[in-house]
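Note sheet for the following structure.
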Amino acid sequence: MSQTARELSPAGKKIFLAVFCLIFVAIGLGLWIPNSLIPILEWSARRKWKEVPCVVVRSPAGQGEDAFGVEIAYRYEYDGRTLESSNPGSVGLFSTGAQLLWKLKPGDAAVCYVNPRPPYDAVLARDLDGEVFIWCFPLLFVVLPLWGLILGLVRIGRPPPEPEAVASPRPGSLVLGAPQRRGCGVISQLFILLILLGIGAILVLVPGFKDDWLIRGFYLVPLGFGSVVLVRSLGYRFLRSFNPQITLTLTPGQASPGGTIDVRWDARGATDRAKSFRITLEGREERQDRAGKGTRTLTETFATIDVAKGGPKDLKRGSAKVTVPEATMHSLVHGSRSIVWAFRIFAEIPLWPDGGEEYRYEIVASKKEAR
């Protein structure tokens, strides 16, 4: 599927993305509308129905052990007419109406709620069942695909943005700054977390089944596990955002095998919290391998060269020189295989998510091509 999408034109990619996302939107709406939206609308309408006394004609309690499901019938008088209904109303998993129906016996007096137009439409229970809020979970299949569809339609076919021009301290140098951390992933995770917490709160606070924690636990355990995973991920992202931001200045901007690179670094932020740091130049081979319907990237490192290492004072600002091995492979892209060179920075921070960045660097085939 992913291979087909890559071979399409921009218009074809947009159509493919729209169909793919709308399938999930249709599934989400197909689950949410009948199980959540319609019951909420019915509950809102039934709040205006007339309260009328009634007499139970048939109930599960009167049928004994042979009762199957919630079967009930009751007789009431409205506008001078004697009417009968078998609609129990709101009898979901967490509604108080379900408990009421199992207690009623034939001949018991009760209260029903009658729709004035037409009066033969009546219910015994009209409370809002908390289960309808559980069915708001499928809205994730609506919101997230629509979000992805909008972003995709905006970005597909747009040329990639030109890198920002950064003034180099010396001619021929290359300045690489810390990549901008985008908040889309954090926002989507926070959105999902709020939904999970909201569903959990409804399960705890809903008036029905107050003592039946076994049923509630069936829903609360997976919701709690998912919430813990999201909280951990959000906490890690939040703490990592305070790590020092490191900028590399590389001279020359490109090098060739056997050439020497002047590496200068400048760190901003709380560099004193770092116990140690290390900068390496790494060469690796990347290969795109098919895995089912998608692809995965396989990597094999063939060179790791130490550039610099030290403590917090050395991290703030410094310089070093590194020589690219002469008998090594230059940067290359050939089909599904590629040779990648990159400077990697790793900072060890006690009791904190470790910091680290990667900056790709081009090693050209010969000195004449280096600049």
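What follows is calculated from the coordinates using simple rules that are stated; it is not laboratory data. Nothing here was measured: the structure is a model prediction, and the numbers come from that model. Reconstructed Cβ throughout: ideal geometry from the backbone, glycine too, with neighbour counts over all protein chains shown.
Observations on the structure shown:
- Residues Asp272 and Tyr236, FRET efficiency given R0 of 25 Å [Cβ-Cβ distance, rounded to 0.05]: 0.70
- Extension gain, Val229 back to Asn35 (0.36 nm per residue minus Cα-Cα distance, nm): 67.1 nm
- Each of Leu351, Leu298, Val322 was placed along the dipole of the range 245-361 (beta-carbon charges, centred on the mean Cα), and the one lying farthest toward the positive end is Leu351.
- Phi to ³J(HN,Hα) by Karplus 6.51 cos²θ - 1.76 cosθ + 1.60 over the range 343-353, Hz, x for Gly, Pro: 8, 10, 10, 10, 10, 8, 10, x, 6, 7, x
- Relative contact order of the range 245-361, taken over Cα pairs closer than 8 Å and 6 or more residues apart, is 32 percent.
- Full-stretch length increase - Tyr120, Arg317 - with 0.36 nm per residue and alpha-carbon distance subtracted: 62.6 nm
- Using the Cβ-Cβ distance between Glu77 and Phe16 with R0 = 51 Å, the FRET efficiency computed as 1/(1 + (r/R0)^6) comes to roughly 0.25.
- Shape category assigned to the range 245-361 from the gyration tensor of Cα positions, a/c cut at 1.5: oblate
- Test item: Cα-centred dipole of the range 221-371, Lys/Arg +1 and Asp/Glu -1 on Cβ, debye: 320 debye
- Förster-model FRET efficiency, 35 Å R0, Trp102 and Ile27, C-beta, rounded to 0.05: 0.55
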